[in-house]
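**Student:** Just passing along the structure, written as structure tokens.
Each reported figure results from applying straightforward, stated rules to the coordinates on display, with no laboratory input. Given the structure is predicted, the values throughout are model-derived calculations rather than measurements. Don't worry about glycine lacking a Cβ; one is built from the backbone with ideal geometry, like all the others, and counts go over all protein chains shown.
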Amino acid sequence: MISVLIIGGIHIGTKRIRKYICLCLAAFLFLNACQTKTDSSSDIKADLIVFTSADESIYKPIIKEFMERTGLSINVITGSSTDLADRLQSGTLSNNIDVVFAIDSVMLELNRTAWLPYHAEISAFDSNPEIVNDGAWIPLYHLPIVIMYNKWLVTSEEIPTGFESLLSDQWKGKIAFISPNDSEISAYALLISNNIIGNIGEYTKKLIKNLEYQTYDSNQTLNSSIETGHMYLGISSEDNAYSLTKNNPNINYIYPNEGTFIITYGSAISNECTNTDTARSFIDFISSEDVALFLSDNNHLRPARTDISAPDGLRPLSDLPQFTLPFNEIMKQYKIMLIGWNNHLNTYIPER
Amino acid sequence: MIPIIFSNIFIVRILDESLIHRTESELELQMDQIKNHMDEVFSISEDIFKDLTKDDTTCRFMSGAADPYLQKDIYILLYQAANKIYGYATISLYDANGYLLLASDNEEVPSALPLYWGLLKKLSLTSDTVYYKTDTFVSRNTNILYQIARPLLNSQGKTAGYIVLNFNKDSFAHLLSNDYIASDCLIILDSLLEPIYTSRPLTDNSNIISMLDHGRGKNHTERYLYQSYRSSQYHYAILLQKQAQISNTSINMMYLITMVITLLCLFLCFMVSLFFSRNISRPIKHLDQAMKQVITGDLSVRMHTDRKDELGRLSQSFNYMAAELDQYIKSAITRQKNLDETTLKLYQAQLNPHFLYNTLDSIKWLSKISQSNEITILAENLALMLRHSISSQPFVTLRQELEIIRYYVEIQKIRFSGQFVFAEEIPKIIYDCLLPKMILQPLVENCILHGLEGFENGYICIYAEIQKSSEADILSVSVSDDGSGINADMLDWLNQKDVIKKRGHLGLYNVIQILKLYYADNYNISASNLKEGGSVVTIHIPVKRS
């Protein structure tokens, strides 16, 4: 090697250097030829590509059942509603997604032009007549927001009544709350709470203070903190609270008296879907009685189908106090609320 | 260096490939064993279904017939069937509504299965055997991983119930534990290519489908080999992944060692080059510089070295050469100086020689006229000697030299009144040998003046001979007397190599100097005392004839 450099350095002649380089190259190619080629992962195209923001305990059994029944293959892409919104905005949705599954109704409604209308067994649904008639997206289940608490730590006199009561000093540092960056439930809870007190941003500021700037990242950690008594109460979805109360009699939950926000989750076919027949058969399946029954039995969710009852022990939706906001208002406030949350959290100065 | 590097890389590659080939053979063997075991279990399952449906016993039991004998029969049937697959699976019987009726092991089996979902839904769509991977999000309270089931139809063709074989993780571990080793990764997959059983986490999960499609292959990046198998009969797939015997770390280590050795070699080459440069080039350069100084005339230059090798000897030889050259030039200068002095003296001695010769001739004739014979002889002989001495020929024959000696002896006999006898013992064949003129006269004079001083009837003899030798013949001429001999100091002076001028012995000194000038080191002069009295002085010179 050095001899080559020296030869090159004293400029004996480019022919000799070329000879060396050719020799090295030949040896390199020869040695490389000895190596068996590494298998590259083949890009196997599934029959259907589904995007979902649902928990895997919801989407995995449903996808599996569909594949078992039809023999078709599905590739699942997971992400949050915000990820989906970004994909829609950047125009990359149609490239690789055929169906969106278990996406919240705000996202579906505000992007209704992105969906291919399809009238599945719509008559069985009790959703907004506008949605039913339009058929842009199919409602699957409803999910109210609840406040759950540990019965050992929160006496019957102390049980919070609603979102505003959580700002009380007595709950300072005792509320479990998943960051709205990680949970749609938390984001919507924060959004309607701000609307309830009428001053956008004020509730966020006060809640962060009452949380003592501590947040959780998943239902598992939130549940654990309340079950172990590390936290007294927390904001969660109804299905999570219901499951927890089934397994742990010390846990209970209430619907906020100001009115709970009920998130409806649905599905839609992308209007640039390349496998429309498969997509339609998938929509037929997820809107079927079997899936509704399964969601109710297995995931303790309220099916959108009126012919399938909610899980045992759940109050009918009509009995629940509800707080509603127009979709466009929710979407407008959603990002402002998230920015406000992150700003308040980032400007946190620990108290001495 | 480059061939060494490539050879090392090539050897590592060859070693790796041979080990991979061996692992491939092992992998194939293991895959065959796993396949056989799996197929055997599935085959037994089919036998169990046949056993349980060969008559209407099971069907009647599932239909709820309350017959104690029937219950006994079904227990026996179930017991016999469970024995066939004991340790691998449990058997459970469900009625048409999905409620558990009987199980070979109640502990793990769910008490009811939904008709609208999962296994029973799938069974409702077929009359054949169904192979089903349980859903962990549905069957949360059981360890069952896989189920093989068949619907049981009554005589009207309606579903009377379901026969289900349940496999858990331990079942697969028990079944296949001898077919793979701990470092292997074995995955059993269902018809949807969802993993049913995994012996340990896969190195790269994203490639499962790809690996199943390829059938077999290797991944050099992750250093594993794999083989897959799909059973079209029983709707399952096997993927066995085996780590290569040499890990990436080891391969990288081998390459690293190769590189380190290469760098070490480079360093050693550099050091050797440096060593040679310092130990060979530099002394040669110094020698060259010294040689240039010698060429310019500086003979004082010397090489300083402690080396014992060729370069050391070369330096010593150089030093010796310079010293010898210096010495030679100095001696040449001295010799030239002496020659110049001698020449000068000669010139001085030759001042008016003809005047002296003519004067002596006049004395001879005057003495003849006055009849004084002795003066005549003296003058005549002296004149002849003078003539001989001033002749321009440096060499004379021994005959001519003896003639001069005779003149001289005749003069000395007159002077010393014939107190000694002079004799010559010389073979005639060496009369023609040449020797420097006037070389013997001082020796004879010494005998007369010193050897025979105070002696009467002295004897002086000149004898000569030729001594043969392998190199050259030597003329040996000796002058002896029987006088008092030579004293020890004088003997030492005469026999030493480089004589210095001694007062009162100018004649002998001149003889030695003349010999040295003409013969350099090829002469010898020695003196010794004789036992019977007297002394002898011998000159050895190379034989040269006229």
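**Student:** Two-decimal Rg/Rh of region B:178-257 from alpha-carbon positions, Kirkwood Rh?
**Tutor:** Here Rg/Rh amounts to 1.04.
**Student:** Charges on Cβ only, +1 for Lys and Arg, -1 for Asp and Glu, centred on the Cα centroid of region A:144-217; of A:146, A:192, A:211, which one is farthest towards the dipole's positive end?
**Tutor:** A:211
**Student:** Just want to confirm a number: the relative contact order over chain B, from Cα pairs under 8 angstrom separated by 6+ residues, in percent.
**Tutor:** 8
**Student:** Under 13 Å between alpha carbons, and skipping anything fewer than 8 positions from residue B:35 in its own chain: which aspartates and glutamates qualify?
**Tutor:** Here the aspartates and glutamates satisfying the reach criterion relative to residue B:35 are B:179.
**Student:** Using only the alpha-carbon atoms of region B:487-532 as identical scatterers, what base-10 log of I(q)/I(0) does the Debye formula give at q = 0.25, 0.28 Å⁻¹?
**Tutor:** For region B:487-532 at q = 0.25, 0.28 Å⁻¹, log10 I(q)/I(0) is -0.96, -1.12.
**Student:** Can you compute the FRET efficiency between residue B:268 and residue B:492 using 1/(1 + (r/R0)^6), with r the Cβ-Cβ distance and R0 = 60 Å? Round to the nearest 0.05.
**Tutor:** Efficiency, rounded to the nearest 0.05: 0.40.
**Student:** How far, in degrees from 0 to 90, does helix B:373-389 lean away from the longest principal axis of the Cα atoms of chain B, to the nearest 10?
**Tutor:** Compared with the principal axis, the helix lies near 30 degrees.
**Student:** Can you pull the percent of Cα pairs in region B:392-546 with separation above 22 Å?
**Tutor:** So the pairs more than 22 Å apart make up 39 percent of the total in region B:392-546.
**Student:** Cβ under 9 Å from residue A:299's Cβ, residue A:299 left aside: what net charge do those residues give with Lys, Arg +1 and Asp, Glu -1?
**Tutor:** -3
**Student:** How long are the semi-axes of the ellipsoid equivalent to region B:452-538, from square roots of 5 times the Cα gyration tensor eigenvalues, in whole Å, largest first?
**Tutor:** Semi-axes from the Cα gyration tensor: 23, 18, 11 Å.
**Student:** Taking chain B as the reference, fit the longest principal axis to its C-alpha atoms, fit the long axis of helix B:506-519 to the helix C-alpha atoms, and give the angle between the two in degrees, 0 to 90, nearest 10.
**Tutor:** Roughly 50 degrees, rounded to the nearest 10.
**Student:** To continue, here is another question. As I understand it, the value is the acute angle between the Cα axis of helix B:68-84 and the longest principal axis of the Cα atoms of chain B; what does it come to in degrees, rounded to 10?
**Tutor:** Once rounded, the angle reads 10 degrees.
**Student:** For region B:301-446, calculate the relative contact order in percent as a whole number, restricting contacts to Cα pairs under 8 Å that are 6 or more residues apart.
**Tutor:** 18
**Student:** With +1 on each Lys and Arg Cβ and -1 on each Asp and Glu Cβ, and nothing else charged, work out how big the dipole of the protein assembly as shown is about its Cα centre, in Debye to the nearest 20.
**Tutor:** I would put it at about 5380 debye.
**Student:** If the only charges are +1 at each Lys and Arg Cβ and -1 at each Asp and Glu Cβ, what is the size of the charge dipole of region A:240-352 around the Cα centre, to the nearest 20 debye?
**Tutor:** In total the dipole reaches around 460 debye.
**Student:** Going by average Cβ density within 10 Å per residue, which order do the peptides A:175-181, B:287-293 take, highest to lowest?
**Tutor:** Top to bottom by mean Cβ count within 10 Å: A:175-181, B:287-293.
**Student:** If I stretch the segment between residue B:308 and residue B:126 completely, what's the gain in nm (0.36 nm per residue apart, minus their alpha carbon distance), one decimal?
**Tutor:** 55.4 nm
**Student:** Next question, about the same structure. How much length would be gained if the chain were fully extended between residue B:472 and residue B:10, taking 0.36 nm per residue of separation minus their Cα-Cα distance, in nm to one decimal?
**Tutor:** 158.9 nm
**Student:** Here is a further query. Rg and Dmax of region A:167-289, Cα atoms, in Å?
**Tutor:** Cα radius of gyration and Dmax of region A:167-289 are 18.1, 56 Å respectively.
**Student:** Please average, across the residues of A:58-64, the number of beta carbons from any other chain that are within 10 Å of each residue's own beta carbon, and give a whole number.
**Tutor:** If you average over the peptide's residues, the count of other-chain Cβ atoms is 4.
**Student:** In deg cm²/dmol and to the nearest 500, what is the mean residue ellipticity at 222 nm of chain B if only DSSP H runs of at least 4 residues count, each as -39500 (n - 2.57), divided by the residue total?
**Tutor:** So the helix-based figure for chain B works out to -16000 deg cm²/dmol.
**Student:** Sort A:294, B:137 so the one with the fewest other Cβ atoms within 10 Å of its own Cβ comes first.
**Tutor:** Listing A:294, B:137 from fewest to most nearby Cβ atoms yields B:137, A:294.
**Student:** Among the listed pairs B:169/B:242; A:174/A:206; A:205/A:335; A:45/B:218, which are separated by more than 18 Å between their Cα atoms?
**Tutor:** The answer is B:169/B:242; A:45/B:218.
**Student:** Note down the relative contact order for region B:421-546 as a percent, whole number, built from C-alpha pairs under 8 angstrom at least six residues apart.
**Tutor:** Relative CO of region B:421-546 lands at 31 percent.
**Student:** Here's a follow-up. Considering the dipole of chain B built from charges on the beta carbon (Lys and Arg +1, Asp and Glu -1) around the Cα centre, which of B:226, B:466, B:286 is farthest to its positive end?
**Tutor:** The residue sitting most towards the positive pole is B:466.
**Student:** Assuming 0.36 nm per residue, please report the length gained on full extension of the stretch residue B:463 to residue B:51 beyond their Cα-Cα distance.
**Tutor:** 133.5 nm
**Student:** Just tell me how shielded B:212-222 is by partners: mean number of partner chain Cβ atoms within 10 Å of each residue's Cβ, no decimals.
**Tutor:** 3
**Student:** Oh, and also: Can you work out ³J(HN,Hα) from phi for every residue in region B:249-263, in order, using Karplus 6.51 cos²θ - 1.76 cosθ + 1.60 and θ = phi - 60°, giving whole Hz and x for Gly and Pro?
**Tutor:** 4, 5, 4, 4, 5, 4, 5, 5, 4, 4, 5, 5, 4, 4, 5
**Student:** Please rank A:318, B:480, A:281, fewest neighbouring Cβ atoms within 10 Å first, as an exposure proxy.
**Tutor:** Arranged by neighbour count, lowest to highest, A:318, B:480, A:281 become A:318, A:281, B:480.
**Student:** Here is a follow-up. If packing is taken as the mean number of other Cβ atoms within 10 Å per residue, what is the order of B:76-84, B:325-333, A:258-266, A:201-209, highest first?
**Tutor:** So the peptides B:76-84, B:325-333, A:258-266, A:201-209, ranked by packing, come out A:258-266, A:201-209, B:76-84, B:325-333.
**Student:** Distance check, please: which entries in B:50/B:84; B:308/B:497; B:72/B:133 exceed 22 angstrom between their Cα atoms?
**Tutor:** With Cα atoms farther than 22 Å apart: B:308/B:497; B:72/B:133.
**Student:** Net charge around residue A:146, counting only other residues with Cβ within less than 10 Å of its Cβ (Lys, Arg = +1; Asp, Glu = -1)?
**Tutor:** My count for the surroundings of residue A:146 gives -2.
**Student:** So, one more: Can you compute log10 of I(q)/I(0) for region B:151-290 with the Debye formula, treating each Cα as one identical point scatterer, at q = 0.12, 0.15, 0.18 Å⁻¹?
**Tutor:** -0.70, -0.88, -1.04
**Student:** Could you tell me how many cubic angstrom of Cα convex hull volume region B:28-136 has per residue?
**Tutor:** Taking the convex hull of the Cα positions in region B:28-136, it is 129 Å³ per residue.
**Student:** Additional query: Could you tally the net charge around residue A:81, taking each other residue with its Cβ under 11 Å from the Cβ of residue A:81, Lys/Arg +1 and Asp/Glu -1?
**Tutor:** With Lys, Arg at +1 and Asp, Glu at -1, the net is -3.
**Student:** How many nm separate the modelled label positions at residue B:301 and residue B:340, each set 7 Å beyond the Cα in the direction of the Cβ?
**Tutor:** 2.8
**Student:** For the protein assembly as shown, report the translational diffusion coefficient in µm²/s to the nearest whole number, using Stokes-Einstein at 25 °C, 0.890 mPa s, and a Kirkwood Rh over Cα pairs.
**Tutor:** This corresponds to a translational diffusion coefficient of 60 µm²/s.
**Student:** What does the convex hull of the alpha-carbon atoms of region B:66-116 project to on average, in nm²?
**Tutor:** That works out to 4.1 nm².
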